[in-house]
Amino acid sequence: MAEILSEIDSFDPMVSGGKAASLSALRRAGFEVPDFFAIPPNVVFSEQELGDWLLRLGSGPYAVRSSSRDEDGVNHSFAGQFATFLDVAAVDIAEKIAIVRASASAEAILLYAREKKIPPPAVPAVLIMPMLDARAAGVCFSADPVGGRRALAVLSACEGTGEKLVSGEVDGEDWKIFRKGEAVGQQGVISADDAKKIADLAWRCERHYMRPQDIEWAIDRAGKLWLLQSRPITTLGHCPDPDDTLRVFDNSNIAESYSGITTPMTFSFAQRIYESVYREFCFLLGVPHERIAAADDVFPQMLGMIRGRVYYNLLSWYRVLALLPGFNVNRTFMEQMMGVKEPLPKTLVQKVVAENERGRLADKWHLFKTCLGLLRGFFLLENQIKQFRLRLSKALDTPLPQSMDGEAMAADYRRLEGMLLKKWDAPLVNDFFAMIFHGLVRGLCGKWFASEPQLVNDLMADCGEIISAEPPRRICQMAEMVAKNSSLTKLLASRETPVAEKIRGLRADTTLAREWDTYLQRFGDRCLEELKLESLNVADDPYALLLSLGLLAQRGVTKADSINQVVMRPNLPWWKDKIFCFVLTNAQRLVRNRENLRFERTRLFGRVRALVSGMGRVLYADGTINEANDVFYLNLNELLAVWDGTGTTSDLRGLIAARKSEYAGYQQMPEPPDRIVCHGPLHRYEEFPAIKPAVMDDALMQGVGACGGIVRGKVRVVLDPRQVEMAAGEIIVARQTDPGWVVLFPSAAGLLVERGSLLSHSAIVSRELRLPCIVSLPNITQILKNGDEIEMNGGNGTVRML
């Protein structure tokens, strides 16, 4: 049978309501809470019974307050919604109890519930406590609910009771109290010592409940501090703390490799690679071991993932680069290579520089050792590349394990990781020097020739043979062969014909079949989004390539062979000419190596894709997961743990279902911006700053010219190259490209790309194919529409609407 409850017995929020249960817990924990009793909503009391309980609290007057189950919760506070009465005489208590109970159906409360999309509250319990003869009273937040600072308590005080302050009748006196002890505010209603004691009380409540609290307090005439209420600050979970670490996430060039939603398997694999190879990179270049150890937390944080999208964590990249000499120069080159449009904030750069200072002597010794490492790496690079390729071939020439031997597949992955992924030396060292020498070429062209960017692009176009230019040439050759057979052309150009039927038709021509097999053997791992393990390669899904062959054969093929051209540059004094030729030759060599070594990466990723897919098929056959491809919603450690016996869960179905649901939600959300500046954990950001609507200023846009040539024509905006059908001579407009886009390049007249830099894949391949190209054109896919006529100048990077 329900009954009136004392302050000690009011512990169950389902009976006594949230406010009474909270005060009961605080009282039992030793906090100075006034005596009170609670009347549950279903208790019928007599006048005599009520009078006896009031006598326990003294002669009055009293405070009559609500204590609803829904009140003062973690998610919804209902603050100030229910009726409250102060200075109530004993004879009026019963009437006020009835009014408090009835306030649950007040229009204001029902409106609050509708706005919060929650059910209307139940009839509340009623809490009765004696009125304090307060000298001062008010509220205090154990953390700043507006600014988000967790190290700052904020309070407001007024004379007498705090009801006028809570209701907004008076402004009160404001104080800020820092956890280090400083109190800032007006000396009037309370003193600085009072403010510190009140803040300490709020922090004690925070520790008790393990979350920031909003308390009501009072100081009586004798100077005693009382706690009248404590409830969670409900808005703080989505309020970033400006004192937390400032991080900058940028998806500039990495979106070329990992565009759109990326699965947990791919991200965990990429994260593991970046951590291993960049730690190894620092060792290779002679960075002292103790400095690498001091930066041990940096390497796992090279990448970030936000709503399923992969980003660079720029602070980590700068911190790694700061381990090497010449940071102030090299960071500019790195920004150019990564396509970063806006550098790291100066405060963060200064922090990075400061954390690497060890004293003049230690810094000089570090500089000397690292410079030796750099020189050694540069002069031994070609041999290192040769050894790397031999090691790669040895690793990949080993046959794949049997199709249902998951343990052997896991062991094969470990073998690849030991042989290659943790020894990715040559590509890393080459990339670093490519960044340096390409930056030097740009710098010298600007200084010695006062040249336009076009000269740099023309000079860098003559890099020699790069392997990424071979697929479009082979595609053109096969399309010419297809064009000789009108029925085969029609078959391959059909979007309705099944792939198997197209393959049979193609194989009827033995010469064409031989070219097809050679292409798949050499470039079968190349595909759209080829660095995503979940992507199907050309060998597994040849639909786009077959369609491209048919469409090219229908239109007539434009050969994609490189055109030899002589680039004229002004004469220089002999010594300057020697320097420039040395820098240019090495820049061309290193950029060529960079693109060709990326192809070796494609081969390795193809092997890893096959191993992960194979393990997925084993788990599916064992009935552990619902579909073989569900394996991509695990991370790499979770997958390997199945065979290592180190997993933390055996319910892979449940884990995968939760992740698939979360990732499906990401698909429905607005895409995060390309650059995100944030403090602390990302879950505190309900949304990121919206991208401003794209506009064309005076019908002219400026990007970065990547390959020269002036082209006029209609544009084709390509968001998914799998679904596009291009007309010959159209200009491709894309967010980013990867090697899988080569099926579109032979029929294109030009290429406009939102992202990228002069060292991105689209820029390098376009220069090799002499395909006019402009990169780094923000929002170009939103500005231009299919059929718009434009003029693009790949030399100076301008796009003009016609």
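The values are calculated or read from the model by the stated rules, or taken from the named source; none is laboratory data. For clarity, every value in this text was computed on a predicted model and none was experimentally measured. We place every Cβ from the backbone using ideal geometry, glycine too, and count neighbours over all the protein chains shown. Areas reflect the complete protein model, heavy atoms only, side chains present, ligands, DNA and RNA absent. Shrake-Rupley method; radii C 1.70, N 1.55, O 1.52, S 1.80 Å.
Points worth noting:
- Taken over segment 109-222, lysine pairs spaced eight or more positions apart, or on distinct chains, with alpha carbons under 25 Å apart number 7.
- Gyration tensor verdict on segment 88-191 (Cα atoms; rounded if a/c is under 1.5, prolate if a/b is larger than b/c, oblate otherwise): oblate
- Our helix-only sum for the chain, with -39,500 (n - 2.57) per DSSP H run of n ≥ 4 divided by its residues, gives a mean residue ellipticity at 222 nm of -14000 deg cm²/dmol.
- Local electrostatic count, residue 163, Cβ distance below 10 Å [Lys/Arg +1, Asp/Glu -1]: -2
- Partnerless Cys - the chain, beta-carbon criterion under 4.7 Å: 140, 158, 205, 239, 282, 371, 445, 463, 476, 527, 581, 678
- Net charge of neighbours whose Cβ lies under 9 Å from the Cβ of residue 225, counting Lys and Arg as +1 and Asp and Glu as -1: -1
- In this structure, the amide hydrogen of residue 798, modeled 1.01 Å from its nitrogen in the peptide plane, lies closer than 5 angstrom to those of 703, 793, counting only residues at least 5 positions away or on a different chain.
- Crossing angle, helix 510-523 versus the chain [Cα axis fit, 0-90 degrees, rounded to tens]: 50 degrees
- Sum of side-chain charges, residue 272 neighbourhood, beta-carbon under 10 Å (Lys, Arg +1; Asp, Glu -1): -1
- Taking all protein chains together and rolling a 1.4 Å probe, residue 341 ends up with roughly 110 Å² accessible.
- Against the criterion of solvent-accessible heavy-atom surface with a 1.4 angstrom probe, 438, 679 sort, most first, into 679, 438.
- Residue-wise HN-Hα coupling along segment 571-579, computed from phi with Karplus coefficients 6.51, -1.76, 1.60 (Hz; x: Gly, Pro): 5, 10, x, 4, 6, 5, 4, 4, 4
- Based on Cα contacts under 8 Å between residues 6+ apart, the chain shows a relative contact order of 12 percent.
- For Cα Rg over 2.2 N^0.38 Å, the candidate list reads (i) 1.23; (ii) 0.95; (iii) 1.09; the entry that matches the value derived from this model is (i).
- For the chain, the solvent-accessible area of protein heavy atoms averages 45 Å² per residue (probe radius 1.4 Å; ligands and nucleic acids excluded).
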